[in-house]
Amino acid sequence: MHGSANTEPRQSLRLSVWLGMALVLWCGAGNTAWADELFSPMLTLRMGDRGIEMDRDQIAALPQARVSTGTALHPDPIVWEGPLMRDVLALLDVPEGEVVPVRITSWDDYRVEFTSEDSDRWDVILAWRANGSELGVEELGPLRIIYPLDQFEELRDQRFHYRWVWLLNSIEVLQ
Ligand SMILES: Nc1nc2c(c(=O)[nH]1)N[C@H]1C(S)=C(S)[C@@H](COP(=O)(O)O)O[C@H]1N2
Ligand SMILES: [Mo]
């Protein structure tokens, strides 16, 4: 499943309203402690009855990967850093190489489903840093999916664009 053309305007409206509220809080607070509370837990993992909630420190404690690439719609290269999606899925004991369906959701209620085949084939990063700084909500963080687009021409495809989830808050392995 991927976002269809007729759901995008509704998503965009909801995103705008949501981001507007988040930005007011963000600017008003003037520090990241508030933002951390707003986006807490930073990441929720689910598989069946199992749930794992992770905060920024736990995400930062995972092995970190790094890639320099533009995004689906923004070609200027940025250095993105964060854990590999395959390492994050491994926290749910998803055996590497086994293809499982995953549902990714975001703080703006965007959702998309694809499979773990992507993160097995490519180094897909759950980025929380960009050009050396932590991603704030104005950069569509605190977590977003980054494909190594500039390294693999085959990723330059509409099918993948929907999977570049920003404002990511949960990853669920569907069984
Ligand atoms: N949270 C969230 N992520 C999203 C979307 C969205 O509406 N909300 N739109 C998707 C769509 S339709 C596209 S084309 C890509 C664009 O990614 P980019 O702007 O990072 O290049 O983001 C995807 N990720
Ligand atoms: Mo899109």
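Just a few scattered comments:
- Think of it as helices only: each DSSP H run of n ≥ 4 in the chain is worth -39500 (n - 2.57), and spread over all residues that comes to -8000 deg cm²/dmol at 222 nm.
- Put simply, the Cα atoms of region 120-161 extend 29, 17, 17 Å along their principal axes, the longest span coming first.
- Listed residues Trp166, Trp107, Trp122 arranged by accessible area, highest first, probe 1.4 Å: Trp166, Trp107, Trp122
- Solvent-accessible surface ranking, highest first, for Arg159, Arg144 at 1.4 angstrom: Arg159, Arg144
- Close amide-amide hydrogen proximity is noted between Arg129 and Glu81, Leu135, each under 5 Å apart and 5 or more residues distant or on a separate chain (H modeled in the peptide plane; Pro and chain starts excluded).
- Phi angles across region 138-152 convert, under the Karplus curve 6.51 cos²θ - 1.76 cosθ + 1.60 with θ = phi - 60°, into 3J(HN,Hα) values of 5, 9, 6, x, x, 9, 8, 7, 10, 8, x, 4, 6, 8, 10 Hz, Gly and Pro given as x.
- Whether the chain is rounded, prolate or oblate, judged on the alpha carbon gyration tensor where a/c under 1.5 counts as rounded: rounded
- Normalised by the number of residues in the chain, the average gap of Cα pairs under 8 Å and 6 or more apart makes the relative contact order 26 percent.
- The candidates Met42, Met47, arranged from most to least accessible area with a 1.4 Å probe in the full protein assembly, appear as Met47, Met42.
- Note on Arg46: accessible area approximately 90 square angstrom, rounded to 10, probe 1.4 Å, nucleic acids and ligands left out.
The values are calculated or read from the model by the stated rules, or taken from the named source; none is laboratory data. It should be emphasised that the depicted structure is a prediction, and the values quoted were computed from it without experimental measurement. SASA here: full protein model, heavy atoms, side chains in, ligands and nucleic acids out. Shrake-Rupley method; radii C 1.70, N 1.55, O 1.52, S 1.80 Å.
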